[in-house]
Amino acid sequence: MRFPAEAVPDGGIFLPHHLYIGVGVMLFGFALVWDPYDKAGAVLTLLGLYIAADDAVSHVFGVWTPLDHIWKVWLAGVMT
């Protein structure tokens, strides 16, 4: 396994990738939702952390992750 797994990452450089989406969801859940709705804020924070970590592991180490499986098996055929 070489590091990083991809010489040129997929996606456009100006488009947000799942890492940025995950970090955004995590910050939104923690900063804006957690105080008035503690359970929903905690769920959003953990969900954002999971999305960001999944994308980082997928692109850095090149391993198959659960979100890759969901995308390739279920969503790619519907969206493309």
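Would it be correct to say that residue 25 is on the phi < 0 side of the Ramachandran plot, β-branched (Val, Ile, Thr) and under 11 Å from the mean Cα position of the chain (by Cα)?
Yes, satisfied.
Considering only the stretch 32-80, how many residues are part of a helix (DSSP H, G or I), surrounded by fewer than 15 Cβ atoms within 10 Å (Cβ to Cβ) and modelled with pLDDT of 95 or more?
Residues flagged as part of a helix (DSSP H, G or I), surrounded by fewer than 15 Cβ atoms within 10 Å (Cβ to Cβ) and modelled with pLDDT of 95 or more within the stretch 32-80 amount to 8.
The values are calculated or read from the model by the stated rules, or taken from the named source; none is laboratory data. Given the structure is predicted, the values throughout are model-derived calculations rather than measurements. Every residue, glycine as well, gets a Cβ built from its backbone with ideal geometry; the counts of neighbours run over all protein chains shown.
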